[in-house]
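Here is the structure we will look at, set down as structure tokens.
Nothing in this text is a laboratory measurement; each read-out follows from the coordinates by a stated rule. Given the structure is predicted, the values throughout are model-derived calculations rather than measurements. We place every Cβ from the backbone using ideal geometry, glycine too, and count neighbours over all the protein chains shown.
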Amino acid sequence: MTSKEAIMIQDKTQKIIESLWQCDFSPLLKHIAEDVTLIDPGRHILIKGREKILALLPQISEDISQSTFRRHTFMIAQNCGNACTIIGQYELDDGRSIRSQSCVCVWESTQDGKLTLKHIGISKPDDIALPEPPAARNITPDRRSPRIVITDQNDCTRFLYPQSILFATSDGRNTIIRCSGDTINARMNITEFIAKSGNGFLPVHRCYVVNVEHIALIKPYCVILSDGSEIPVPVKRYSEIKRRITEMMNSL
């Protein structure tokens, strides 16, 4: 997608999520694809298909405590080919408590140029005072492991524990590195990141490298990571990638 389309999608994603917490589903229904997938944090289930989501909307609306946005950040995690992933982090204020939540939304441009929402992953809201949820901290960095040294766009040198990295995706000459609780725009291309990342990382797509330790499941044709991120896997390489992931998991 073009940079202009990606920025527009970023704005649409924020509007959709913000409207959801006002029990306004119209922006969501305007853009979701027929085969959309949604991770329901309240029921811990994966819902697939527009019709199933429509059927569950009355129940979902009952679970929602209308809230206003505070301190929200939405950004482009990747923009490659006809797919664009937007990630967001924000606080929700319902007048009684303030909770934090994050989301991952995957958009796709169809052959006729229509922008459709293919996947929505939303974390369970957590009180600000509560510790980090187990899903986000179940992998503790090994302090003895070598760091990955990168330079970000602000010319800051960062020393990253490999275990803290979920995935990396190409962004032109740069690489977007998604970590637990942070996203870094690194001044290196994806090939340079692969060379630095070590044996625990696997290129599953020409634009994506994932940390195998953070893979929760693999399904046609994507992998789902521990934070709900959905990373595409090419159809022609699906069997090979599935085999490689299984082999790497068995060696951990």
The range 1-68-the range 208-251 distance, computed between alpha-carbon centres (Å): 25 Å
Difference of contour (0.36 nm per residue) and Cα-Cα distance, Ala216 to Arg243: 8.2 nm
Rounded to 10°, Cα long-axis angle of helix 238-251 versus longest principal axis of the chain: 70 degrees
Burial order of peptide ranges 3-14, 108-119 (average beta-carbon count within 10 Å, highest first): 3-14, 108-119
Relative packing of 232-238, 245-251, 85-91, 170-176, which averages over residues the other C-beta atoms within 10 Å, highest first: 85-91, 170-176, 232-238, 245-251
Inter-probe distance in nm under a simple model that places probes 7 Å from Cα toward Cβ, at Met75 and Glu62: 3.9 nm
Unmatched cysteines, the chain - criterion: no other Cβ of a Cys under 4.7 angstrom: Cys23, Cys84, Cys103, Cys105, Cys156, Cys179, Cys222
Asn185-Ile45 pseudo-label distance in nm [points 7 Å out on the Cα-to-Cβ vector]: 4.0 nm
Reach of Lys52 by Cα under 24 Å, taken over lysines that are not fewer than 8 positions away in the same chain: Lys12, Lys15, Lys30, Lys114, Lys118, Lys124, Lys219
Sum of -39500 (n - 2.57) over DSSP H runs of 4+, divided by residues of the chain (222 nm, nearest 500): -7500 deg cm²/dmol
Residues Glu18, Glu34 arranged by fewest to most Cβ contacts within 10 Å: Glu34, Glu18
